[in-house]
1. Roughly speaking, what is the stretch gain from residue 233 to residue 250, that is 0.36 nm per residue apart minus the C-alpha to C-alpha distance, in nm to one decimal?
2. Once both labels are modelled 7 Å past Cα along the beta-carbon direction, what's the residue 394-residue 29 spacing in nm?
3. Once every Cα of the chain carries one equal point scatterer and solvent is ignored, give the base-10 log of I(q)/I(0) from the Debye formula at q = 0.10 Å⁻¹, two decimals.
4. Kirkwood-based Rg over Rh for the stretch 307-394 (C-alpha set), two decimals?
5. Defining a contact as two alpha carbons under 8 Å apart and six or more residues distant in sequence, what relative contact order in percent does the chain show?
6. On a C-alpha basis, how far is the centre of the stretch 61-103 from the centre of the stretch 299-337 in Å? Whole number, if you could?
7. Of the candidates 81, 177, 99, which one comes out as most mobile in a Gaussian network treatment of the chain with C-alpha springs shorter than 10 Å?
8. For the stretch 234-370, build the convex hull from the C-alpha positions and give me its volume per residue in Å³.
Amino acid sequence: MRLPLLAGTALALCLPAAAANAAWDDWNIQPLRGSFDVLEYTVGGQVNGTVFSANQPGTFNKTGGTGAATLYTSIDRNYDSGLALSLKGQFEVFHDRLSGDNYGSDFLAKLYGTAQTGLGRIDVGMADGAAYTLAVVGPVVNPEVTVDNPNATFFRDPSTGGAFISVFALNSAVESSLNYAKVSYYTPRVFGLQIGASFTPSEGKQVLPFVNMGPNVPDRQTNIWEIAANYSDTFGDFTVSGYAGLSMGHDDKRTAGHEGLTDFAFGTEVDWAINDDVKLAVGGAYRQANTYTFNIYSAFNTGRTESMHASTVLSYGSWSVGAEFGHGKADGALGAPTLSTHAYLIDAAYAVNSNLQITAGWQKLHYSQTGALFYNALPRIEMDAVFLHGVINI
């Protein structure tokens with residue numbers, strides 16, 4: 001099955017180029033826009049799907065498809081003074097067990113209000129924290145199928161029926177506060193520098209912060225503070241970006257061997273505009289936290305979890321090709337095994353128009369652990385897959 005898929009992948013990447021000559025590049029879908037008196041609304045979304053052929057241990061079906069659909073909404077009110085108020089939402093309309101978002105794939109992923117002023121922006125509600133919003137983790141061809149915090153994966157765990165990477169997924173940006181209700185502030189960008197800060201009172205997803213203390217479970221994190229800085233500026237043909245973020249929390253119902261959250265990361269990227277059509281980007285990021293496999297309920301007082309990402313992308317007009325490397329390690333504690341992983345990705349994409357992009361590639365994962373076995377009855381496992389991914393953004 002892998003050879004036909006590889007051949008189909010090559011054909012799929014070539015066909016859009018011919019289609020562009022037939023005015024495919026003029027095809028465009030705009031978000032739904034309208035107004036109610038002084039309020040303006042926008043409704044958009046994303047639909048993505050993948051077909052793949054995987055090579056991994058086991059006798060189950062390793063060829064198939066996966067996909068997800070997301071709805072984005074915004075209600076805006078602009079004032080002559082320059083003040084802009086918005087209510088924004090993100091809804092996971094559909095996903096399967098190999099695709100989803102970063103927030104548990106709940107139907108309600110984000111719902112928050114934002115106020116943009118000349119002195120900065122304030123966000124209140126279920127939204128990303130400052131340390132994730134301002135993150136720089138390196139360039140990618142397609143953020144849906146990257147090896148670092150992907151939204152689609154191609155490997156199943158037959159012992160659970162779910163995605164294999166759920167055992168330990170790489171994520172090199174600070175994201176411990178997820179979409180818990182919070183308050184965030186972002187400064188204007190001055191001389192290339194922007195600073196952000198967030199406060200998350202609990203792990204609650206009740207839209208508004210301070211409503212409750214979140215789930216009443218052991219080792220829940222409260223009073224999560226985070227701060228981040230992002231720098232980006234252009235020097236001739238080069239654009240240089242950098243980022244650093246820190247998140248800290250309090251273990252509100254601490255049990256033996258646990259402590260409050262500590263999570264930090266830094267990253268950088270350099271984009272070189274070789275000419276009007278060709279651009280080369282390189283970058284990467286490193287993250288370290290005391291949460292085992294970045295699980296917020298497992299903030300251990302010994303050991304750490306690390307995630308590292310390095311990548312490069314070469315773009316030429318509507319075409320782009322990239323390579324990624326990821327590495328992660330989670331130190332074992334309290335009976336949990338030490339896990340490590342290496343990830344590789346080579347992919348290429350063609351942007352048919354402003355809405356549609358088609359990506360084809362190859363991905364390889366290697367996992368190992370101490371003191372435990374994977375579903376193949378061994379302490380290590382390797383798997384790789386070829387895939388063809390399409391995404392429509394509106």
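Taken together, the values in this text are just the output of simple stated rules run on the coordinates, not laboratory data. This one's a predicted model, so the numbers in the text were calculated from it and none came from an experiment. Glycine gets a Cβ as well: all are built from the backbone with ideal geometry, and neighbour counts include every protein chain shown.
1. Details: separation 17, 0.36 × 17 = 6.12 nm, distance 3.58 nm.
Stretched out fully, the residue 233 to residue 250 stretch lengthens by 2.5 nm.
2. Taking the two extended label points, one gets 0.4 nm.
3. -0.72
4. Working: Rg = 17.2 Å, Rh = 15.2 Å.
When Rh is taken as the Kirkwood radius, the ratio is 1.13.
5. Values: 1129 pairs, mean separation 62.0, N = 394.
Relative contact order for the chain comes out at 16 percent.
6. The two parts, judged by their Cα centres, are 24 Å apart.
7. 81
8. Working: hull volume 17.7 nm³, N = 137.
It is 129 Å³ per residue.
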